[in-house]
Amino acid sequence: MPELPEVEVTRRGIEPYVAGRRVERVDVRTRALRWPVPADFASTLGKKRVRKVERRGKYLLFEIEDGWFIVHLGMTGTLRVLPHTAEPPAPAKHDHIDWIFDEFILRFRDPRRFGAVLWHPRDAGDVLDHPLLATLGVEPFAPEFTGALMHRRTRGRKVSVKQALLAGDIVVGVGNIYASESLFRAGIRPTTPAGRVSLARYDLLATAVRATLAAAIDKGGSTLRDFVGSNGESGYFQLDYFVYDRAGLPCRVCGTPIKQIVQGQRSTYFCPHCQR
DNA sequence: TCCATCACCTGAGCGC
DNA sequence: TGCGCTCAGGTGATGG
């Protein structure tokens, strides 16, 4: 389930292959993703050269001459680089799109089809003005992401601090796993109303979010069920979880059993002793 | 404006 | 072994 670290690991794995290379052909086998893949997607991209691959939140932005194609991995999406030989690997059931380059194939697989592949032409403005990107919060590694920002943006809000972190309108890229992990590192109980968390504790949380995401990127992301990086290898960050998916197991710090609750129809894990 | 809930989707895991 | 149920979760849409 790709969150920001998995998307960033994917971007880093893909960019050396695709940057500066020309898309020879695009095979769209499934248009019915979260939003329909544009009908003319293949013809629009054919013979175009990819300039670079950037990331905004959990969106991957592939810049070509006259626009960007945008990829969101959703819950189960992966982008893999495969060799383009005389007999390339046959697409499997959930392999929806191939970008075929001269020496390799970039293949999008997404069993649950929560992902998206979209097109944003340059004459429609900068890609960051795309409706899906324009309302996103700040990047967690940007200097604008501070405890003061979180503190200011949550005054008067009754929603829990965990749900405020997940919402994506303050800071992007923190999904369910890393929200639980970051709150543990900051010592903040996930159920605390966002509007009642002090500035000092938001400073801790901002530091914890950055540290958690950076550690996950270093380890190649997490591998829960479906995620593998662009080379098909698994990440290892799940071995370092303090609380996520550890209900009933002893806290790695104090030994108290980890609790699991549901917030906003999502599982939350926390240590009732370390997080107050 | 804020918040909760729903919908989308399929595979894994579990009980029977 | 096979069937049916529940759960997992990112995020836009909807309604209170």
Mean accessible area per residue over chain A (1.4 angstrom probe, all protein chains present, square angstrom) is 45
Springs between alpha-carbon atoms under 10 Å, Gaussian network over chain A: tell me which of A:ALA206, A:ALA148, A:ALA134 tops the mean-square fluctuations.
A:ALA134
FRET E, pair A:ALA90, A:ARG12, Förster distance 25 Å, beta-carbon r, rounded to 0.05:
0.35
Once the in-chain neighbours fewer than 8 apart are removed, the lysines whose Cα is under 26 Å from A:LYS162 read A:LYS58, A:LYS219, A:LYS259
Looking at chain A as a GNM with Cα springs under 10 Å, which of A:VAL262, A:VAL28, A:VAL171 has the largest mean-square fluctuation?
A:VAL262
Based on the inverse mean of 1/r over its pairs of different Cα atoms, what is the Kirkwood hydrodynamic radius of chain A, in Å?
19.7
Which residue fluctuates most in the GNM of chain A (Cα springs below 10 Å): A:GLY156, A:GLY137, A:GLY187?
A:GLY156
Arrange the residues A:VAL253, A:VAL209 by how much accessible surface each exposes, largest first, with a 1.4 angstrom probe.
A:VAL253, A:VAL209
Heavy-atom accessible area of A:LYS48, protein chains in place, probe 1.4 angstrom, given in Å² to nearest 10, is 40
Solvent-accessible ranking of A:ASP40, A:ASP169, largest area first, probe 1.4 Å
A:ASP40, A:ASP169
Based on alpha-carbon centroids, what's the gap between region A:67-104 and region A:151-207 in Å, whole number please?
36
Length gained when the stretch A:ARG252-A:LEU199 is fully extended (0.36 nm per residue, less Cα-Cα span)
16.4 nm
What is the distance, in nm, between label points placed 7 Å from the Cα along the Cα-to-Cβ direction at A:ALA167 and at A:ASP40?
3.9
Is the shape of region A:3-69 rounded, prolate or oblate, going by the alpha carbon gyration tensor and its root eigenvalues a ≥ b ≥ c, with a/c under 1.5 for rounded and a/b larger than b/c for prolate?
oblate
Per-residue accessible area, 1.4 Å probe, largest first, puts A:LYS158, A:LYS52, A:LYS47 in the order A:LYS158, A:LYS47, A:LYS52
Do the sum for chain A: with -39,500 (n - 2.57) for every DSSP H run of n ≥ 4, divided by all residues, what is the mean residue ellipticity at 222 nm, to the nearest 500 deg cm²/dmol?
-7000 deg cm²/dmol
Under the rule rounded for a/c under 1.5, else prolate if a/b exceeds b/c, else oblate, using alpha carbon gyration tensor axes a ≥ b ≥ c, region A:4-134 is classed as rounded
At a probe radius of 1.4 Å, what is the per-residue accessible area of A:HIS120, in Å² to the nearest 10?
10
Rounded to the nearest 10 Å², the accessible area of A:MET75 at probe 1.4 Å:
70
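The values are calculated or read from the model by the stated rules, or taken from the named source; none is laboratory data. Since the structure is predicted, the reported quantities are computational estimates derived from the model, not experimental observations. Reconstructed Cβ throughout: ideal geometry from the backbone, glycine too, with neighbour counts over all protein chains shown. Heavy atoms of the whole protein, side chains included, go into the accessibility calculation; ligands, DNA and RNA do not. Shrake-Rupley method; radii C 1.70, N 1.55, O 1.52, S 1.80 Å.
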